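The values are calculated or read from the model by the stated rules, or taken from the named source; none is laboratory data. Keep in mind that this is a model prediction, so the values were computed, not measured. No Cβ is skipped: glycine too gets one built from the backbone with ideal geometry, and neighbour counts run over all protein chains shown.
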Amino acid sequence: MKKFLTILVTVLVLGIGSYFAFVYYVPYSEGYRSGELIKFSRKGVVAKTWEGQISQGLSGTNVFSFSVEDKEKDIIEKMKKYQGQYIKVTYKERYATFFWLGDTKYFITEVSVEKSPLFRN
């Protein structure tokens, strides 16, 4: 009976650990989005996370919501600076997320200012 419980606990711990590692390290997709940065804030009660939104249309009907991990200090500072500007972001989408990382499955890995296609001279 002890041997069975030991094997069961080991399998459960390895299974749960593998799930968390898979969700965190294996991206579902990677890509780029651009638009006007309309919102960037730190929110949460138990775990504070950085959340933002990019408007991808004239009327703001197409909104891309994203998260930024706390370890990405450079990206957080750039997002604060670029508020209200047209930006391009590189993101990775995860299969799922954990409440202490962010509200969305989309995590920003790079950000840069772009020239808006709406106001070309």
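With Arg42, Arg33 as the choices, which residue is within 14 Å of Tyr106 (Cβ to Cβ) and of a type in the set (Lys, Arg)? Before you say what the answer is, go through the steps one by one.
Numbers: Arg42 fails: within 14 Å of Tyr106 (Cβ to Cβ).
None of the other options fit; the residue is Arg33.
For region 33-46, does any single residue satisfy the condition of being surrounded by 12 or more Cβ atoms within 10 Å (Cβ to Cβ), touching a residue at least 60 places away in the same chain (Cβ under 8 Å) and out of contact with any Pro (no Cβ under 9 Å at 6 or more places or on another chain)? Yes: one or more hits.
Would a scan of region 13-25 turn up a residue that is at pLDDT below 90, surrounded by 14 or more Cβ atoms within 10 Å (Cβ to Cβ) and not in a loop (DSSP other than H, G, I, E, B)? Yes - at least one qualifying residue is present in region 13-25. When region 57-92 is filtered for residues that are part of a loop (DSSP other than H, G, I, E, B) and of a type outside the set (D, E, K, R), the ones remaining, listed by number, are Gly57, Leu58, Ser59, Gly60, Thr61, Asn62, Tyr82, Gln83, Gly84, Gln85.
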